[in-house]
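Structure first, then comments.
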Amino acid sequence: MIKYLYIVSLACIAFSKTQAQDLSVTLHKKEVACELAEASITIVTAPPPVHYVWSNGSITSKIEQLADGVYSVTVTDDHNNDTTISFNIYNPICEPIPATAFTPNDDGIYDRWSIGRLENFPEFDLFVYNRWGQQVHHQTGNYIPWDGRSLGLPLPDATYYYVLYFSRTDMNKFIKGAVSILR
């Protein structure tokens, strides 16, 4: 699912020592949740061949695997007319997706609480509480889908509340919600 797609058309005028030359370039930037971003350049008007130099050293019309940051590309045509375009990449946060319910009745279907995308957060810290605020489950680091037990005993059907910190060292990034046990 694409969270953001920016298409920016830039009409740039580059100047050489002898004459002005219109060099029209289109920058395409794609930022997708849970993936690194990509950017590409389309030349609208310029005499071929055209040369590209990206701030990461690439010399093709497209770059991929871009993390958050500021990037630029310099486009030069065959007459040494050039232009530089700078842009920012903001990769959307790839949040974990906890299931809202599970049925730990040993029928082989939804017997454990699953949390999608948790592999992207190897330093996570997960706490689960009952309606009275008592901690009934805790995990950190390596996620093992929860079987609805606390201290080895099955918990009753109820709604439980969780706080999932993305990292043990940064308690400012977290999600919280509810999960129901249905037997």
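The values are calculated or read from the model by the stated rules, or taken from the named source; none is laboratory data. Source: prediction; values computed, not measured. Cβ coordinates were reconstructed from backbone atoms using ideal geometry, including for glycine residues, and neighbour counts include every protein chain displayed. For accessibility, only protein heavy atoms count, side chains too; no ligands or nucleic acids. Shrake-Rupley method; radii C 1.70, N 1.55, O 1.52, S 1.80 Å.
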* Going through the range 147-183 one residue at a time, which ones are surrounded by fewer than 11 Cβ atoms within 10 Å (Cβ to Cβ), under 26 Å from the mean Cα position of the chain (by Cα) and assigned to a loop (DSSP other than H, G, I, E, B)? -> Thr169
* **Number of positions in the range 131-160 that are touching a residue at least 12 places away in the same chain (Cβ under 8 Å) and of a type in the set (A, V, I, L, M, F, W, C)** => 4
* To do: Evaluate the range 98-112: report whether one residue or more is touching a His at 6+ places or on another chain (Cβ under 9 Å) and outside any strand (DSSP E or B).
  => no
* **Residues (under 30 Å from Leu66 (Cβ atoms) and modelled with pLDDT under 95) located in the range 98-122** => Gly116, Arg117, Leu118, Glu119, Asn120, Phe121, Pro122
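Please go through the range 134-146 and pick out each residue that is open to solvent by less than 50 Å² (accessible area, probe 1.4 Å) and either in a loop (DSSP other than H, G, I, E, B) or basic (Lys, Arg) (or both).
Correct list: Gly141, Tyr143.
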* Asked: Does any residue in the range 28-39 that is closer than 14 Å to Asn56 by Cβ and touching a residue at least 24 places away in the same chain (Cβ under 8 Å) come within less than 8 Å, Cβ to Cβ, of a residue that is of a type outside the set (D, E, K, R) and in a loop (DSSP other than H, G, I, E, B) six or more places away or on a different chain, and which pairs are these?
  -> Leu36/Ala67; Leu36/Asn91; Ala37/Ala67; Ala37/Asn91
